[in-house]
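The values are calculated or read from the model by the stated rules, or taken from the named source; none is laboratory data. As the structure is a prediction and not an experimental result, all values here were calculated from the model. Ideal geometry is used to build each Cβ from the backbone, glycine not excepted, and the neighbour counts take in all protein chains shown.
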Amino acid sequence: MNTPSTHHTRTVVRVVLGATALLTVLITAFAWPASEVAPRDLPVAVAGPPEAVTGLGQGATALGEDALEIAVEDDRAAVVAAIEERDAAGGFVLGPEGVEVLTASAGSPATAQLLTDLASHLAAANPDAGPVTTTDVVPLPADDPRGLTFNSGALPLVLGGLAAGVLAALLLRTRRSGLAAILGIAGAGGLAMAAVLQGWLGALEGSYLANAGVIALGIAALGLPVLGLHRLLGRPGIPLAAAVFLLLGNPLSGVTSSPYLLPDGWSTLGQLLPPGAVGTALRSTSFFDGAGAGVSLLVLAGWALVGAVLLLVPGRRASAEEDPTTPEEVRSPMPAM
């Protein structure tokens, strides 16, 4: 017999099991990528004698079979150019006077530290290699020397984009008003967040307007799909978007480490989602004069376009496309007395 007490007990059990499953998903989504951080086909540029380059490749196997993807350059200037163009995450200059490690901490502090440690390990294993020196070709700003402020801004940006979509979906009835609201939030939010990160905290460099534009595009790439999925699926569209962008996209973004340090396949997926794309594009515009931002900007624009297209697809809210300023009495005439 299904008594009220039995029904209450079953409800409690479902709530407990559901909450436990959610917590398990959360800890897995955020902790697992961090536990798998290791170099995988990390692009590095190397200049030096052939035998020294070969020795570097052999020594790098200590990090993993396919840890480094080595591109041999003619000289130090070519190595620096490869780093500044984001074709390489770092580099080595090998010569009789020793080993110079060229890093770009602005691109990834974790990668810069990894390459420095690798050079020290190789020097210890081969004392004849000479001393190891490190040059940070593209350093982080003096106000954010470890990149902590930049990394901390990633999650609020994602949450802000999702919040824009949720607010527009739940509070605004028409496609036009929802679209206008998200674009307005994206524009104003981009200017405001860039002002805080760059003008106040000093975590960004380069063109303020370019950085604000990337942030604005990121907010639109998050908010418009939320609004579009809500129009297509109703309320279930909101948690679906949150699951994809927050539980999947944020941990796989590589913002706090590097896409090259995440598991194969997952790192690619992370760069195809807005959190990873906006992080990469913002690093490019802020520290590398826009080099390497093209693909990420296309990804963000693609997600924003997908969201806008979803607004045109008939869905659960298609019948609600009405002028919210029109009184209900006018839309539905009073029955005859």
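Any residue at all in the range 25-46 that is more than 19 Å from the chain's Cα centre (by Cα), at pLDDT below 95, part of a helix (DSSP H, G or I) and farther than 25 Å from residue 149 by Cβ?
Yes, the conditions are met somewhere in the range 25-46.
Return yes when residue 51 is among the charged types (D, E, K, R) and over 30 Å from the mean Cα position of the chain (by Cα) and no when it is not.
yes
Among the candidates 112, 82, 88, 119, single out the residue that is hydrophobic (A, V, I, L, M, F, W, C), crowded, with 22+ Cβ neighbours inside 10 Å, outside any helix (DSSP H, G or I) and outside the structural domain of residue 257 (by TED's automatic domain parsing).
Every option except 88 fails the conditions.
With respect to the numbered conditions (1) surrounded by 14 or more Cβ atoms within 10 Å (Cβ to Cβ); (2) out of contact with any Asp or Glu (no Cβ under 6 Å at 6 or more places or on another chain); (3) within 30 Å of residue 149 (Cβ to Cβ), which one is the sole condition not fulfilled by residue 52?
(3)
Yes or no: residue 289 part of a loop (DSSP other than H, G, I, E, B), at pLDDT 95 or above and farther than 18 Å from residue 183 by Cβ?
Considered against the rule, which asks whether it is part of a loop (DSSP other than H, G, I, E, B), at pLDDT 95 or above and farther than 18 Å from residue 183 by Cβ, residue 289 comes out as yes.
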